Amino acid sequence: MRLFSLVLVLALAGVIAACSSSSSSSPYGSSAKTSPASVASSASPVPTVVFGATTITYPSRDDPGATIVIDTEVASTPSQSERGLGYRDSLPAGAGMIFDLHNAGVPTFWMKGMRFALDMVWIGDDKRVASVTTDIPPEPGVVDEKLTRYSPQSPARYVLELNAGAAARLGLTPSTQLTFALPQ
């Protein structure tokens, strides 16, 4: 029995070591459409959360025939949605995170744990931009109960978070039709 316990402990230690040493080379690569991306922050008070990835595309308004591409991480589970982009120092240019709320409604978002400003693009069930909230500042040191809440003016099923100023730079305005597929 003692030998069995020792073997079990060693086996579990090996599994834990193997899991903790795996990493992803780039969570934003366009070739990683359905591969999970791991995002970790050593200063984070919350555990590491693994996100899926997808690419959002839509026609350029400034260059007919051109397509704009945004590499995004996908938050669709409660733990992914709770973590979001919180506790990170930055988001690469041209990247974002899309939240799948699974049903259209009027969601409420906040900037808990955020260290940089964001644009929030509210997207309907039909994957068309419903509205955009721009230049939302982080609120470091503010207790949860006093954090500002943000909601769209009309129902949204998805929320795309981008670096502040990116929505205007990318030409994302109400009625922009987006194309994307979310990992299962």
Q | Selection from region 48-65 of residues that are outside any loop (DSSP other than H, G, I, E, B) and either over 19 Å from M111 (Cα atoms) or touching a residue at least 40 places away in the same chain (Cβ under 8 Å) (or both) | A | V50, F51, G52, A53, T54, T55, I56, T57, Y58, P59
Q) Exactly one of (1) open to solvent by 40 Å² or more (accessible area, probe 1.4 Å); (2) outside any loop (DSSP other than H, G, I, E, B); (3) more than 20 Å from T54 (Cβ to Cβ) is unmet by P174. Its number? A) (2)
Q.
Among (1) free of Cβ contacts under 8 Å to residues at least 24 places away in the same chain; (2) under 22 Å from V49 (Cβ atoms); (3) not acidic (D, E), there is one condition K146 misses while meeting the rest; what is its number?
A. (2)
(Q) List the strands (runs of 3 or more DSSP E) inside region 66-154, counting only whole elements, that have at least 1 residues being of a type in the set (F, W, Y) and crowded, with 18+ Cβ neighbours inside 10 Å. (A) 95-105, 118-123
Q) Within region 155-169, is there a residue that is within 14 Å of the chain's Cα centre (by Cα), at pLDDT below 95 and either open to solvent by less than 40 Å² (accessible area, probe 1.4 Å) or over 25 Å from V50 (Cβ atoms) (or both)? A) no
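The values are calculated or read from the model by the stated rules, or taken from the named source; none is laboratory data. The model shown is predicted, which means the values in this text are computed figures rather than measured ones. Every residue, glycine as well, gets a Cβ built from its backbone with ideal geometry; the counts of neighbours run over all protein chains shown. Heavy atoms of the whole protein, side chains included, go into the accessibility calculation; ligands, DNA and RNA do not. Shrake-Rupley method; radii C 1.70, N 1.55, O 1.52, S 1.80 Å.
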